[in-house]
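Chemist: Let me begin by handing over the structure; questions about it come next.
The values are calculated or read from the model by the stated rules, or taken from the named source; none is laboratory data. Everything quoted here is computed from the prediction, not taken from an experiment. All Cβ positions, glycine included, derive from the backbone under ideal geometry; neighbour counts span all protein chains shown. The accessibility values were calculated without ligands, DNA or RNA, using every heavy atom of the protein model including side chains. Shrake-Rupley method; radii C 1.70, N 1.55, O 1.52, S 1.80 Å.
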Amino acid sequence: MNSIVKLNPNPNLSIFFPTKRQGILWNSKVSVFYKPWNRLLRFSIRRRGVCTVRSALDSAIIDELGLSDADLRNPTISTSYRRAEIPQPNKTVLEAQAKVCTGPEQTKPLSEEQMVRVLDTILRSARGELKDEPVSEAQLGAFFGAMTIRANAFPEATQWTEGERRAMYTFWRHLVQILPPDVLFIADPEGTIMGPASSIGPLFTGNGTAEMRLVGALREVLAGGHLGYEEVQGVLHDVLPLVCENGKSNVSESLLSAFLIGQRMNRETDRELKAYCLAFDEELGSPIADVRSLTHYGEPYDGNTRFFRSTLFVAAVRACYGESSLLHGVDWMPPKGGITEEQLLKFMGANTLLVPTQAKILLEDEDVGFAYVSQREACPSLYSLVRLREHIKKRPPLATSEKIQQFVRASGKEAIVAGFYHEGYEDSLLMLMRRRKVHSGLVVKGEEGALSMTTKTKSVNASKGLPVNHCSGFRSPSTTLDGISRETFRVVVNPQEYGFTPTDTPRTDRSVLKNIELGLKALGGEKGPAYDRIVLNAGMVDHLLGCSGAEDIQSALERAREAIDSGAALNRLMNYIKISHRVK
C-alpha cells in the first residue's frame, strides 16, 4: 500500500487521521500503519529531501485545524518544538553569559572589547533602541549576578580582568541612570564593587513578600554563600509558578535568574539540591501503581543534539519481562534544545498530555508496562521556568534535581536511573536517590551526558574526567531499606567483554524522524548499532539494578534480544501509542 507522509504541522497536536481502507489506522505524523489483527508496523518515510510542511498538507486539513503560516512548523526537527511565544534572548549578551555564568574554574573572563560590546548592548536595550532583540530581565539578572559572584567569591584566575573592570567603570555611570533598581542591586548588592555611585544595592528590599524573601536569600548567594534546606524551599514556594500576565511576571525575573544561576555557580550543597528535588513533590500527588518493579528514568531534560536517544525503546523492551519504566521530561528545554522522549512520542502520535494517575494505568496495563509523564502535566510550577531557563543560558540546579523524580510510586520495588556528565554530580544524584528511599539507584555517564551507554570504543581524544559508560550506584539485595543492606558499585562497562562489536553511535543531529526510524527498525529486528545499543542498555540496567533474572549479564542481554526478536517490544510501543489516547 502506497502513501504520502502528512506531517503534523504543530507538535502540540496529537491527531490521528483515520482511513477506511483495509481497517488500518493511519498516524499522520510518521505514516505508521497499525493492523490490529497482527500488530504489523510499516514505517514509511518520504525520501525526496526536505519539503515544506505546507506542501505536505492538503488545504482541507489546514483549514480544519485553523492553522496559519506561522503555525506550520516542521516537527521532524527538535528545535521546532520550542514554544513560538517565548521571546528570543539577545545573542550578544547570551554569548557572554555562556562564558561567565559558570563555575569557579570553568568561567572564561571577557576581553575588554567583548565587555564593551556587551555593556553597550545592555545600555542601548535599556534605552529602547533594540526593539527586535532586547536584553531580557532574565539575561540582565544572570549576567550581572555572575559578574558579582566573580568579583566577590571566585579565585583570582576567574575574577574580573583589568579589561572587564575598565569597561564596567566606563559604562556604570550611564547604566546606573537607566537600569531598574533590582538589576542595580544584583550588580552591586552591598555597594562595594562599583564605588560611591552604588547606593541602591544596600537599601534594596524588593516589592512584596515573595521578592523580599528572594532578595534576602540572594544577598547570601551573591556573596558566594550557601542556603539552608528550608530557605531554598521557602523561596521556591514563594515565587513559583512564574506567572506572566500582560508581559509582567509575578516576581522580578532578574532576581530569580540571578538566584538560580548563582546557586549553580557557587556549586550547590547537598541540602540545596535536596530542596530543589523535593520542593514540589505533592503538586499533583504520586499515585501508587500495582507493579512488582518500577524504574524511574531521569534523562537530561534538554535532550540529545547529536546521537541516537534510545531510552524510549529500552523501556518498551524491559516492559516485555515485567520491568516497568516511567519516563519523564519535557517537549523542549534549553540550553541544548535537543531531542526528547516527548518529541518522539508526540511525533508518533501518542498522547503526551498524561497526568500521573493516567500514567499509573499504563504502567499496570499488561499490554503496555511503561509510561511517559511530561513535567508540564506533573509539575507545572517547575515547567513555568522554561522561558527563564533559556534566557539564563547555563543549567540551573533544577537540571540536576528534576532527573530524580517519582511522579508515580510502585507497590513493589523501585529504582531510579539518571544520566550525568560533569564529574562530581554522580555523587549528588546518588544522594538524592537515597533520599527518595528507592531500592536501587544508578547513574550513567552516557554520550552527551544522557543515559545511554554506547558500544563505541573509547576515543583517544575523549573528554577529561570519568569515561563514557561509567556507572555508579547502589542496590538492595533485601527489601529492607535500613541504609546498611545496600550494596554500592562503580564500574566502566566495556561492551566488547559481552560480545558486542565496536560501532560508532548512530547520529541523529536533532532529527526526531531519524531517531524514530533508527529505534523502530531496531525494534523490528534489524541488527546494527541501534539494536546493539538498545540491548546493551536494557540488559546492563537490569543487571546493575539487581533485577530478578538478570544476575548473569549474558542472560540479561539475551532476554532483551528475545524481547526484540519476538516482536514483543515493538508491540508494546504500538500499544502505548494506541492506549495512551484511551486512558481516563
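Chemist: If I stretch the segment between Lys458 and Ile178 completely, what's the gain in nm (0.36 nm per residue apart, minus their alpha carbon distance), one decimal?
Modeler: Here the answer is 95.5 nm.
Chemist: Scaled to the compact-protein estimate 2.2 N^0.38 Å, what is the alpha-carbon radius of gyration of the stretch 235-340, rounded to two decimal places?
Modeler: Values: Rg = 17.6 Å, N = 106, 2.2 N^0.38 = 12.9 Å.
Dividing the Cα radius of gyration by 2.2 N^0.38 Å gives 1.36.
Chemist: Test of the criteria: in the stretch 113-178, which GluC sites (Glu not before Pro) are in a DSSP loop and have at most 11 other Cβ atoms within 10 angstrom of their Cβ?
Modeler: The qualifying sites are Glu129.
Chemist: Next up: From the phi of every residue in the stretch 335-343, what ³J(HN,Hα) in whole Hz does the Karplus formula 6.51 cos²θ - 1.76 cosθ + 1.60 yield, where θ is phi - 60° and glycine or proline is x?
Modeler: Rounded to whole hertz, the list is x, 6, x, x, 6, 10, 4, 5, 4.
Chemist: Going through the cross-link list Lys336/Lys458; Lys445/Lys521; Lys393/Lys413; Lys394/Lys527, which pairs have a Cα-Cα distance over 30 Å in this structure? Please list the in-between numbers first.
Modeler: Values: Lys336/Lys458 24 Å; Lys445/Lys521 25 Å; Lys393/Lys413 38 Å; Lys394/Lys527 38 Å.
Correct reply: Lys393/Lys413; Lys394/Lys527.
Chemist: Here's something else I'd like to know. From the P(r) of the stretch 173-309, could you give the percentage of C-alpha pairs in the tail past 27 Å?
Modeler: Details: 3358 of 9316 pairs.
Taking all Cα-Cα pairs of the stretch 173-309, the fraction more than 27 Å apart is 36 percent.
Chemist: Would you kindly calculate the translational diffusion coefficient of the stretch 284-415, applying Stokes-Einstein with the Kirkwood radius from alpha carbon pairs, for 20 °C and a viscosity of 1.002 mPa s, and quote it in µm² s⁻¹ without decimals? The partial results should precede the final answer.
Modeler: Details: Rh = 14.9 Å.
It diffuses with D of about 144 µm²/s by this estimate.
Chemist: Can you list residues whose amide H is under 5 Å from Ala418's amide H, if they're 5+ apart or on another chain and H is modeled 1.01 Å from N?
Modeler: Gly298, Leu442, Val443, Val444
Chemist: Right, next: Probe of 1.4 angstrom, ligands and nucleic acids ignored: what's the accessible area per residue over the stretch 320-422, in square angstrom? Working shown, then result.
Modeler: Details: 2240 Å² over 103 residues.
About 22 Å² of surface per residue is accessible.
Chemist: Evaluate the stretch 494-553: find the radius of gyration of its Cα atoms, find its Kirkwood radius, and give the ratio Rg to Rh. All intermediate terms of the calculation are to be shown ahead of the outcome.
Modeler: On the way: Rg = 13.0 Å, Rh = 12.7 Å.
Ratio of gyration radius to Kirkwood radius for the stretch 494-553: 1.03.
Chemist: Lys and Arg at +1, Asp and Glu at -1: add these up for the other residues within a Cβ distance under 15 Å of Pro202 and post the number. Don't skip to the end; give the middle numbers.
Modeler: Working: positive: Arg219; negative: Asp182, Asp188, Glu190, Glu220.
Net charge around Pro202: -3.
Chemist: For the stretch 251-410, give the percent of accessible area contributed by carbon and sulfur heavy atoms, probe 1.4 Å, rounded to a whole number. Don't jump to the answer; show the numbers that get you there.
Modeler: Details: 1570 of 3450 Å².
Carbon and sulfur: 46 percent of the exposed surface of the stretch 251-410.
Chemist: While we're here: How much of the accessible area of the stretch 92-135, probe 1.4 Å, is carbon plus sulfur, in whole percent? It would help to have the intermediate numbers written out before the result.
Modeler: Details: 960 of 2230 Å².
C and S fraction of accessible area: 43 percent.
Chemist: Here is a further query. What GluC sites (Glu not before Pro) in the stretch 349-426 are in a loop by DSSP, with at most 14 other Cβ atoms within 10 Å of the Cβ? All intermediate terms of the calculation are to be shown ahead of the outcome.
Modeler: Numbers: sites: Glu364, Glu366, Glu377, Glu390, Glu402, Glu414, Glu423, Glu426; in loops: Glu366, Glu402, Glu423.
Sites meeting the loop and neighbour criteria: Glu366, Glu423.
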